[in-house]
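This report refers to the structure that appears directly beneath it.
The values are calculated or read from the model by the stated rules, or taken from the named source; none is laboratory data. This structure is a prediction, so every number in the text was calculated from the model and none was measured. All Cβ positions, glycine included, derive from the backbone under ideal geometry; neighbour counts span all protein chains shown. Just the protein is used for accessible areas: all its heavy atoms, side chains included, with ligands, DNA and RNA removed. Shrake-Rupley method; radii C 1.70, N 1.55, O 1.52, S 1.80 Å.
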There are 4 protein chains.
Amino acid sequence: MSEVGIGLVGGGYMGKAHAVALSAVAAVFDTALRPRLEMICTTTPEGAAAKARQFGFARSTVDWRTLVADPRIDAVVIASPQDTHKDIALPAFAAGKHVFCEKPLGLGVVESRVMLEAAQRSGLVHMTGFNYIRTPASQLARQIIAAGEIGEVTWFCGEHTEDFYADPALAASRRTRGKANGNMGDLSPHIINAALALMGPIRSLCADIETVHRTRPAPGGTEAVTNDDQGQIMCRFVSGAMGHLFISRVATGRKMGYAYEISGTEGALRFDQEDQNALWLYRSRDPQGRQGFTKILTGPDHPDYQAFCLGPGHGTGYQDQIIIEARDFLEAIAAGTPRWPTFADGHMVNQVIDAAWASHERRGWVDVDPLEGEPHRS
Amino acid sequence: MSEVGIGLVGGGYMGKAHAVALSAVAAVFDTALRPRLEMICTTTPEGAAAKARQFGFARSTVDWRTLVADPRIDAVVIASPQDTHKDIALPAFAAGKHVFCEKPLGLGVVESRVMLEAAQRSGLVHMTGFNYIRTPASQLARQIIAAGEIGEVTWFCGEHTEDFYADPALAASRRTRGKANGNMGDLSPHIINAALALMGPIRSLCADIETVHRTRPAPGGTEAVTNDDQGQIMCRFVSGAMGHLFISRVATGRKMGYAYEISGTEGALRFDQEDQNALWLYRSRDPQGRQGFTKILTGPDHPDYQAFCLGPGHGTGYQDQIIIEARDFLEAIAAGTPRWPTFADGHMVNQVIDAAWASHERRGWVDVDPLEGEPHRS
Amino acid sequence: MSEVGIGLVGGGYMGKAHAVALSAVAAVFDTALRPRLEMICTTTPEGAAAKARQFGFARSTVDWRTLVADPRIDAVVIASPQDTHKDIALPAFAAGKHVFCEKPLGLGVVESRVMLEAAQRSGLVHMTGFNYIRTPASQLARQIIAAGEIGEVTWFCGEHTEDFYADPALAASRRTRGKANGNMGDLSPHIINAALALMGPIRSLCADIETVHRTRPAPGGTEAVTNDDQGQIMCRFVSGAMGHLFISRVATGRKMGYAYEISGTEGALRFDQEDQNALWLYRSRDPQGRQGFTKILTGPDHPDYQAFCLGPGHGTGYQDQIIIEARDFLEAIAAGTPRWPTFADGHMVNQVIDAAWASHERRGWVDVDPLEGEPHRS
Amino acid sequence: MSEVGIGLVGGGYMGKAHAVALSAVAAVFDTALRPRLEMICTTTPEGAAAKARQFGFARSTVDWRTLVADPRIDAVVIASPQDTHKDIALPAFAAGKHVFCEKPLGLGVVESRVMLEAAQRSGLVHMTGFNYIRTPASQLARQIIAAGEIGEVTWFCGEHTEDFYADPALAASRRTRGKANGNMGDLSPHIINAALALMGPIRSLCADIETVHRTRPAPGGTEAVTNDDQGQIMCRFVSGAMGHLFISRVATGRKMGYAYEISGTEGALRFDQEDQNALWLYRSRDPQGRQGFTKILTGPDHPDYQAFCLGPGHGTGYQDQIIIEARDFLEAIAAGTPRWPTFADGHMVNQVIDAAWASHERRGWVDVDPLEGEPHRS
């Protein structure tokens, strides 16, 4: 039984999610390679030591350079803030480590291009952390579309909507400062990734982006919000299909509104992450008078479900998505070749965001650059 | 008890709906003015006579000029094809008749402007047939927004989606020929009316319109489709709110997808005509941990429900919307003043459609003309 | 074109529903026989005259004997309180009138047996007013079961739940006095009728019935509630299937909870009147991994929908159920033979209620009497 | 940091679930006591060794006696078949081990009484594996009822319905042989536990139980099914509330139908495990015209959610329920005192099942024995 020494950068929300996933993945999937939790890096020595103890890492550090250079570490999981991604990933590749990096891939398209180039030069495994597309339901949606079960797709409508900043009385914070932390920079990547995964590349788009609440309470008064709250994108995919994306952090009432509706010439799909264990399928060829959207509950017949439970409808959750990512990262390392979604996929998402901003500024349609070279797609 | 002599032009789908409504409205609402079914006009003498018998009209004709000129007729209901609206409405006003005209109001913005001017000059009652906004649920939505229950509205997303042309094997027909019969011309008015009713006027928009299935089977081969199948509109309302509309006759699986989602700073609303007796309301001020979308079933507490049934949740249907329209038309005649939605509202909808086509052709944003004068708004 | 002279007894909730239905039915269904609204009977001369004017009846009376004896009246619709049904129906048959009687059929099984015998002796048309089973969705459910689409039915679960007496602070009223006005007497008939219509006769049952709120506020203090609030019935159908019924007027949150779930060896059905335009169908033979409950929206493919609207998903409502009843009553008169549901069906419902009370009192299982003779079943 | 040596008996469905939970629990909850995976016991040496490697246990065995006696093991998790529970638990207590035992607790009420007595005599920690009641949503339901938010509860309706034996063509197996493996013996415990947890003890009940498919295909022909397929229970709780339970393994279309509806004098609750991240709450005191069932998505405001994810609506799944159980088992060991649900709760469930069989056989109502002594209830 071979092991992979893991270094984890980040002990917050996503850091914990990856730590739990790395603890559980071998038991869930009986992976050939098994993670050995070598070192965690967080911001204070006490915090890092506490997280190491909680998560089961052998050592801790406050310097990611130490972690990246450590000879017992074979692979690095980057779950630290977006503005650190590039600086960690590049030396990691240089030190011969495989890299899993949380979305978004760096601070924008310029950084992600550099990261992608470094990843491709390295010959190592690279992966971007788009976890929501890993649910059995969304994997099933990809299969259904790819198999032509709904015919030729003619319309895609997606959203990522939450309401954590809907209340204008909420105070200014790191998240209300700086383009990268805004709604398009931070919240849009997951649903753009879903659009690309389900529909293929976007050819052109037209976007409208805004800051709904322009000031926020701050100590001693108010503070200007320097990034965006919500935005929408009309697009055409390379396939010819028409599409729309809506992304909002002020969508009152929405908690995990990662949702899409897809129409094809022979059927349709509907999904909402708020009920992540169901996929709704309409089949045009069902008998006359018996047609309608069928609520398919995920189960052992669907991708990656069975490892979590043998009974259909028993349900997987948020944490299980991260376990699936960990399985794929380990399998990619075992195979010595990247697996979808790679840094190329992370970069393509940034290209769409970049094009959306360009369109918003020009008030019109713009083309999205095709990705040169050969992206790794599952 | 006073009566209003009614002449109905059209005996098809909408003609029948209005005939049934006129038969039932006095019993349902105990209206002061009661309709007297004087004459119906359809295309053949036999058909007209049969419809008169079925619907209870005293006389029938194949010539709307005869109907419009008849001295026992006080009010004309126009439920004939779109390209006849102007030609019937103008002489009707000239003859001193009140006019109810089905949506869309004429063939486009040029005709509807002429019709609106004639209506306003006449001093008579004029009304446009936007029936879906009449459900108790959508009337309740208007009340909730107007009362500020969801705060300041920041996002409106609406759709009118059906799938009656989703199958590419469906033959060409009148509906696949000519701009006015296309998706934007024929299907979009209801949801544009909803957007205006719920949100107020649109300031600017950017649209993308397409013909998904460019040829259709026809006798002896195929025929080019000469109008559009689906389209989308990004917009900004005069209020500042961001919006989106999607209209499609090829939305596989959707039967009556007149649906909207509205976010505000203190709540949110969701509605789908496929379950027309429910309105979903989210209140940000509900207690912590007890928040969520509440499924309000319409009942006697809500507008115009009680006349149909004293029990909540018992439900109204499509036909009942037309009965509510008939009640308002009769009340407007009794009051001698137009009631919402008037020809001004029908014309404003056409202005938005016109702007959408202009935007689509220019590939960019366009402003929507403000309506001059003083429209009648409820 | 032949007419049927109609006399309507009752101008309240159900009286109005029938009056509206009689106004609209000919236009909706183009019936061969057309109703002529001859006379309405309510409790005061002024009220009766007002109702006649509102509903379009030619004459009014406060004495149902006058109405029943009137030579211009061919058929009587009884929509007055339950304790008047027998006294009106018997002389109506004796006078040669066809009779439509609202549910429940008389005050209990003793009265309904007498009414049924009179109806059968008369050779006239008799019908009981079970309107909820008339929705296109519930008619479709009957078709699906009868066609064997869900195989052999193994389980039926039905409820009629409302919450109009859930609040213990609601005052005592006529509805809280007397067995016939209680939950079993007044609310249970519709869902028992549904059980019989969908599943066939009940062989045996075991019931538990209770008064949840035993006193109610009354002028000057409190008053004892002398009837029941909720009850449940376990049963076995003659088919062998197991079943359960729950009936409650204190089911907080339920407004029109006429709902059922039915399992068969090859499929299943779910229905809830609160969303009366949808029927949920599960087919065991759908492809592996694509099975689930399909939400079928009613449309022109389904029974009696098309007369109301040509578009699927546009929806019918409460009032439309009564129009369907009126159509069947007129057609039965035209054919000279009763149509389902007849007085036999009303009596069978009363037999089940009677058995439920017997079971409750004995605290055990009892058999339900089979109906002698040949009931009219559609 | 203290550790607890864990021995796990069983490497099948539930064995794996507990193994994964024990791998992840410390990282998820930062527990004071941390599990040390000492030994797993399955049926073959090769299988046991493979499971030990997959799940991370130090050693393996095929003899649970070895495991129970091992000095490095402090606590035993029993996830082997029902007929082994008693034989393992008794020597485990005798050897001073804490015991977690999967539901149902032994083969029936006779065994569970013995197990409970042994547990209570031992002074050790004992817990029964009722995982479904651990979801944040069902924990929230308990809180809401306990806090009186829905007033006095007047009706409870629960079901545990699956369809794994709905197809009559499915072959006979271990599950179709012997009372303990039947529907009441195997499937009913979870929902009975839910009824007791949410409503308190049951006073009396009346049950009907049946074998829907009496023979099953077997090698060379058919085989008689010797246990039950579905059953229903009418009951009265000690609180006075009326209740109903339905349990079925032939409920076509149902996959994880652990569902309940609860009515109270001031509100109501609805839950279905097939959408385990939502609890529906109706509040009678919401404003007039704004009442309805609110779909509360679970989030950090609700019990045990936050350890899995900081974002509401992101969702927990089946496996997470087992992690919560592991946390409670560890905390109980740390505290030296049993935590709900103990063996007393497992035994009370068996008492209800026993009473249901007695009622079924007598065809009438029976009382449920009150549990003597002082059960541990959270």
Specify, per residue and in Å³, the volume enclosed by the convex hull of the alpha carbon atoms belonging to the range D:3-132. 98 Å³
Loop GluC sites (Glu not before Pro), the range B:153-249, which have at most 11 other Cβ atoms in a 10 Å radius of their Cβ (DSSP): none
If you put +1 on each Lys and Arg Cβ and -1 on each Asp and Glu Cβ, how big is the dipole of the protein assembly as shown around its Cα centre, in Debye rounded to 20? 0 debye
Modelled label-to-label distance, B:Thr215 and C:Ala218, 7 Å Cα→beta-carbon offset: nm? 8.2 nm
Compute, for chain D, the length of the dipole vector about the Cα centre, with Cβ point charges of +1 (Lys, Arg) and -1 (Asp, Glu) only. Units Debye, rounded to 20. 380 debye
Shielding of A:316-326 by other chains, given as the mean Cβ count within 10 Å, works out to 5
Can you pull the mean other chain C-beta count within 10 Å for peptide C:253-265? 6
Extreme residue, positive dipole direction of chain B, given options B:Thr337, B:Gly289, B:Gln351 (C-beta unit charges): B:Thr337
With chain D rotated onto chain A, spot the residue of D whose Cβ lies nearest the axis and note the distance in whole Å. D:Gly317, 2
Can you pull the accessible area of D:Ser284 for me, 1.4 Å probe, Å² to the nearest 10? 40 Å²
Run the simple label-point estimate for C:Leu371 and A:Arg362 please: 7 Å along Cα→C-beta, distance reported in nm. 7.4 nm
About the Cα centre, charge dipole magnitude for the range A:3-132 (Lys/Arg +1, Asp/Glu -1 at Cβ), debye: 100 debye
Shape verdict for the range C:1-46, please, from the Cα gyration tensor: rounded (a/c under 1.5), prolate (a/b greater than b/c) or oblate. oblate
Packing-wise, with mean Cβ within 10 Å as the measure, how do D:164-172, A:87-95 rank, highest first? A:87-95, D:164-172
Between the range B:213-253 and the range C:190-265, how many Å separate their Cα centres? 49 Å
Label position 7 Å from Cα toward Cβ: report the copy-to-copy distances for C:Gly178 in nm, one decimal, ordered from shortest. 6.0, 6.3, 7.8
Of D:Gly108, D:Ala89, D:Ala52, which is farthest on the positive side of the dipole of the range D:3-132, counting Cα position, with +1 on Lys and Arg Cβ, -1 on Asp and Glu Cβ, and the Cα centre as origin? D:Ala52
For a test of the definition: using alpha carbon positions, the gyration tensor, and the 1.5 limit on a/c, classify chain A as rounded, prolate or oblate. oblate
Ignoring ligands, DNA and RNA, what percent of the 1.4 Å accessible area of the protein assembly as shown is carbon and sulfur? 51 percent
Mind checking the per residue accessible area of the protein assembly as shown for me, 1.4 Å probe, whole number of Å²? 32 Å²
Within 10 Å of each Cβ in peptide C:154-163, how many partner chain Cβ atoms are there on average? Round it to a whole number, please. 5
In terms of the Cα gyration tensor, with a ≥ b ≥ c the square roots of its eigenvalues, is the protein assembly as shown rounded because a/c is under 1.5, prolate because a/b exceeds b/c, or oblate? oblate
Name the long-range amide H neighbours of C:Ser60: under 5 Å, sequence gap of 5 or more, or other chain; modelled H, no Pro or chain starts. C:Ile40
Using DSSP H assignments, which helices in chain D have an axial alpha-carbon span of 24 Å or above and a mean Kyte-Doolittle hydropathy of 0.0 or higher? D:318-335
In Å, descending, principal axis extents of the Cα set of the range A:220-361: 56, 48, 40
So, in nm and shortest first, the distances from B:Gly12 to its counterparts in the other copies, with label points 7 Å along Cα→Cβ, work out as 4.6, 6.0, 6.5
Share antiparallel - DSSP beta bridges, chain B, percent rounded to 5: 60 percent
Mind listing the long-range amide H neighbours of B:Asp70? Cut-off is under 5 Å, sequence gap 5 or more, other chains count too, H placed in the peptide plane at 1.01 Å from N. none
In the range B:3-132 the DSSP beta bridges are antiparallel at a rate, in percent to nearest 5, of 0 percent
As a test, work out the antiparallel percent of DSSP beta bridges whose residues both lie in the protein assembly as shown, rounded to the nearest 5. 60 percent
FRET efficiency (C:Thr43, C:Thr337; Cβ distance; R0 30 Å; to 0.05) is 0.30
Give the nm distances, rounded to one decimal, from A:Pro81 to the matching residue in every other copy, measuring between label points 7 Å along Cα toward the beta carbon; shortest first. 5.8, 6.5, 7.5
